[in-house]
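Peer 1: Before I ask anything, here is the structure I am working with.
The values are calculated or read from the model by the stated rules, or taken from the named source; none is laboratory data. If you're wondering where the values come from, they're calculated on a predicted model, not measured in any experiment. Cβ sites come from the backbone with ideal geometry, for glycine too, and all protein chains shown count toward neighbours. Only protein heavy atoms, including side chains, enter the accessible area calculation; ligands, DNA and RNA are left aside. Shrake-Rupley method; radii C 1.70, N 1.55, O 1.52, S 1.80 Å.
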Amino acid sequence: MIPRIDKSRHTPAWQTALMQAVGSVDELLCLLHIDAAKSDIRRFSRDFPLRVPRGFVARMEPGNIHDPLLRQVLPLPEEDRQHTGFLPDPLREADAMPVPGLLHKYRGRALLTLTGACAIHCRYCFRRHFPYAEANPLSGNQARALEYLAAHTGIRELILSGGDPLMLPDTRLEALARALAGIPHLQTLRLHTRLPIVLPERVDSRLLAWLGELPQRVVVVVHCNHPNEIDPAVVTALRKLAQAGVLLLNQSVLLKGINAETDTLIHLSEALLAAGVLPYYLHQLDRVQGAAHFEVSDSAARALMDSLHAALPGYLVPRLVRELPDYPGKYPLWP
Ligand SMILES: *Cc1c(COP(=O)(O)O)cnc(C)c1O
Ligand code: SF4
């Protein structure tokens, strides 16, 4: 007899992996055989603590404090330095919310910040100072957000974002999908998620079944900055998403000391293609307080784009963009 699994009580493997994520700088450095005493790091950051899944740590090179994956998550003393022009809310997103948690800045597209939670804490993240407690539509504002979406028939695409929308349990995603199915002008559902990259366990049979049953066209935009982030488990997860009928795109952030090299970006595009993903955006960093040490100048970024364009087929060249508070789309910086 096949044992029956009680779906409501069974803890999915991805949630177990998530609970086991590394949350201390000392443990992370110990796992990587890096001497914490000799390293210039910041041990604690209460507002935005270290968080990194163990599978992601396994893709870092032991002993290398400059590893490009480690640099994305390791808190450094540079974060405390004040830089003019680097602000807590550089995009003034609070101004573009008709309902708390619902951003409607661009024509035809609206974005829901479903949760503030992420499986990984990226040090350059522009949402690190974001007021999620007040801006979570599923905690009290879901009905208003759905009313707004239903009333604005010009919105053809709904973007689920966060934080990371796939941090929500399947029951919440399933309930949201049922509510959205009643809004026929929403033809495309897009997910902005880093989970297939940092926690590929998330792409399990229940998620794939949910995606496969959605009445909308589905686009998943993952977030991968460096080719070393793509290991065989990630490739398998991405292939399963493609098999479920999802269109897969990637967005990266251009980061000094991590991926701001022509060869790295070429390898990234090629590794993405091998996993069935096309590059979409290469973002210039949002000027958020604490992230100035990751910034690449616009002129250096454009020079990188010239090299990529010379080396890659057009469909593997991402669009270099910057987000501006008052521009009705991502602002193109190249050509
Ligand atoms: C980035 C973003 C989008 C999506 O922009 P695309 O150019 O369609 O990828 C939509 N709404 C908001 C508020 C955004 O920040
Ligand atoms: S996964 Fe995305 S939203 Fe979450 S911390 Fe990283 S960059 Fe920010």
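Peer 1: With +1 assigned to the C-beta of every Lys and Arg and -1 to the C-beta of every Asp and Glu, and no other charges, what is the dipole magnitude of segment 93-332 about the Cα centre in debye, to the nearest 20?
Peer 2: 400 debye
Peer 1: OK, next. Given C-alpha coordinates of segment 265-335, what is the ratio Rg to Rh with the Kirkwood estimate of Rh?
Peer 2: 0.99
Peer 1: Across the Cα atoms of segment 176-297, what radius of gyration and what greatest pairwise Cα-Cα distance (Dmax) are found, in Å?
Peer 2: Reported Rg and Dmax, both Å: 15.9, 47.
Peer 1: Given a 1.4 angstrom probe, what's the average accessible area per residue across the chain, in square angstrom?
Peer 2: 46 Å²
Peer 1: If you wrap the chain's Cα atoms in a convex hull and average its projection over all directions, what's the area in nm²?
Peer 2: Averaging across all directions leaves 18.1 nm² for the Cα convex hull.
Peer 1: With unit charges on the beta carbons (Lys and Arg positive, Asp and Glu negative) and the dipole taken about the Cα centre of the chain, which residue among ALA274, ALA311, ALA96 sits farthest to the positive side?
Peer 2: Result: ALA96, furthest along the dipole toward the positive end.
Peer 1: If you don't mind, there's one more thing I want to ask. Along Cα→Cβ, 7 Å out, is where each label goes; now give me the distance between the ones at ASP80 and SER24 in nm to one decimal.
Peer 2: Using points 7 Å along Cα→Cβ, the separation is 2.1 nm.
Peer 1: Need one number: the % of Cα-Cα pairs in segment 15-80 sitting beyond the 16 Å mark.
Peer 2: That tail contains 41 percent of the Cα-Cα pairs.
Peer 1: In segment 93-332, what percent of the accessible surface is made up of carbon and sulfur (1.4 Å probe, ligands and nucleic acids excluded)?
Peer 2: Summing carbon and sulfur atoms, their accessible area is 53 percent of the total for segment 93-332.
Peer 1: Where does the chain land at 222 nm, in deg cm²/dmol rounded to the nearest 500, when only DSSP H runs of n ≥ 4 count, each adding -39500 (n - 2.57), divided by all residues?
Peer 2: After summing the helix terms and dividing by the residues of the chain, the value is -8000 deg cm²/dmol.
Peer 1: Shifting gears a bit: Quick one: if you stick a label point 7 Å off each Cα along the C-beta vector at GLN15 and ASP263, how many nm between them?
Peer 2: 4.5 nm
Peer 1: Let me ask something else. Hey, any idea what the orientation-averaged projected area of the convex hull of segment 47-168's Cα atoms comes to, in nm²?
Peer 2: Its Cα hull, projected and averaged over all orientations, spans 9.2 nm².
Peer 1: So how far apart, in nm, are the two label points at ALA242 and ALA300 if each is 7 Å from Cα heading toward Cβ?
Peer 2: Calculated label separation equals 3.3 nm.
Peer 1: Using alpha carbons only, how many angstrom separate the centre of segment 150-166 from the centre of segment 181-209?
Peer 2: Segment 150-166 and segment 181-209 have Cα centres spaced 12 Å from each other.
Peer 1: What does the charge add up to near LYS330, with Lys and Arg as +1, Asp and Glu as -1, over the other residues with Cβ less than 9 Å from its Cβ?
Peer 2: Within the 9 Å Cβ shell, the charges total +1.
Peer 1: Next question. Stretched out fully, how many nm does the piece from THR171 to ARG42 gain, at 0.36 nm a residue minus the Cα gap?
Peer 2: Answer, rounded to one decimal: 42.7 nm.
Peer 1: Let me ask another. Of the options PRO77, PHE48, ALA17, report the single residue whose Cα projects farthest towards the positive end of the charge dipole of the chain (beta-carbon charges: Lys, Arg +1; Asp, Glu -1).
Peer 2: ALA17
Peer 1: Determine the gain in length on full extension of the stretch LYS256-HIS152; use 0.36 nm per residue of separation and subtract their C-alpha separation, reporting nm with one decimal.
Peer 2: That pair, LYS256 and HIS152, stretches by 33.4 nm at full extension.
Peer 1: Now for a separate question. Averaging the inverse of every distinct alpha carbon separation and then flipping it gives the Kirkwood radius. What is it for segment 106-261, in angstrom units?
Peer 2: 16.3 Å
Peer 1: Using alpha-carbon positions, what is the distance between the centroids of segment 224-271 and segment 33-111, in Å?
Peer 2: About 18 Å separates the Cα centre of segment 224-271 from the one of segment 33-111.
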